[in-house]
Each structure stands twice: as C-alpha cells, then as structure tokens.
Amino acid sequence: MVIETKYNIGDEVFWVGYDGIWHSGRILGIFIIDNKIKYVLSELKIRKRTYAIYVDEVDLFPTKEELLKNL
C-alpha cells in the first residue's frame, strides 16, 4: 500500500491553533488514524520535554500567506 502525503517530516508548516492564533513548526512525524493523515508538531517545550499535537493535513499550509488567505 502506498500512501501519498502532502508534507514530509522536517517540512515547515503553518496552522491555526485552538487558541485562534497561527503557529508554525516543523513536522516531527506522520500518523494514519481513522484513515486520515495526521502530522505530529511540537506544541510546547518545557525543560527537556517536548509536548506534541496532531494536526489534520487539511489544516496545514506551506506558507503563512496561504494560511491567511484561507481564513
């Protein structure tokens, strides 16, 4: 089975968080959950720990301009 993704690990992407503020970051991993592609992004770093979030492919944008255009 071949699964095509729009983004790759290490790509920088932009998204709007639950707080309504836009964020940017590099993709840390990719998961397939319930037949949807989810990207793992760093949300918060405290001391030596990284807390991650999962974002759907449709909610990510390659540039800040693309994100703002789609709001």
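The values are calculated or read from the model by the stated rules, or taken from the named source; none is laboratory data. Predicted, not measured: the structure shown is a model, and the values here were computed from it. Cβ sites come from the backbone with ideal geometry, for glycine too, and all protein chains shown count toward neighbours. What goes into the accessible areas is simple: the full protein's heavy atoms, side chains included, and nothing from ligands, DNA or RNA. Shrake-Rupley method; radii C 1.70, N 1.55, O 1.52, S 1.80 Å.
Note on the chain: with a GNM built from Cα contacts shorter than 10 Å, the maximum mean-square fluctuation among ILE37, ILE21, ILE53 falls on ILE21. The portion of the accessible surface of the chain made up by carbon and sulfur, rounded to a whole percent, is 52 (1.4 Å probe; DNA, RNA and ligands excluded). With Cα extents along the principal axes in Å as the read-out, I listed (1) 44, 30, 16; (2) 38, 22, 16; (3) 38, 34, 21; which label goes with the value calculated from this structure? The listed entry that was calculated here is (3). Under a Gaussian network description of the chain, with springs only between Cα atoms under 10 Å, the residue in LEU28, LEU41, LEU60 that fluctuates furthest is LEU28. Amide H contacts under 5 Å for GLY25: VAL13, restricted to partners 5 or more places along the chain or on a different chain, H placed in the peptide plane at 1.01 Å from N. The length gained by stretching the chain between ILE53 and ASP19 to full extension, at 0.36 nm per residue less their Cα-Cα distance, is 10.9 nm. Dipole size of the chain about its Cα centre, with +1 on Lys/Arg Cβ and -1 on Asp/Glu Cβ: approximately 440 debye, rounded to the nearest 20.
Residues in the stretch 55-70 carry Karplus couplings, in order, of 10, 5, 4, 5, 9, 9, 9, x, 9, 5, 5, 5, 4, 5, 5, 8 Hz; the curve used is 6.51 cos²θ - 1.76 cosθ + 1.60 with θ = phi - 60°, and Gly or Pro positions show x. Within the listed set ASP34, ASP11, ASP56, the Gaussian network model of the chain (springs between alpha-carbon atoms below 10 Å) gives the highest mean-square fluctuation for ASP34. Using θ = phi - 60° in the Karplus curve 6.51 cos²θ - 1.76 cosθ + 1.60, the 3J(HN,Hα) couplings for the stretch 32-46 round to 10, 10, 6, 6, 10, 7, 10, 9, 8, 10, 6, 9, 7, 10, 10 Hz; x is entered for Gly and Pro. Of the chymotrypsin sites (Phe, Trp or Tyr not before Pro) found in the stretch 1-69, those that fall in a DSSP loop while having at most 15 other beta-carbon atoms within 10 Å are TYR18. When trypsin sites (Lys or Arg not before Pro) are flagged only if DSSP places them in a loop and at most 16 other Cβ atoms lie within 10 Å, the longest unflagged stretch of the chain comes out as 7-46.
Within the stretch 29-44, list the residues whose amide N lies under 18 Å from a label point set 7 Å along Cα→Cβ of ILE9. Taking a point 7 Å out along Cα→Cβ of ILE9, the residues of the stretch 29-44 whose backbone N falls under 18 Å are 29-33, 37-43.
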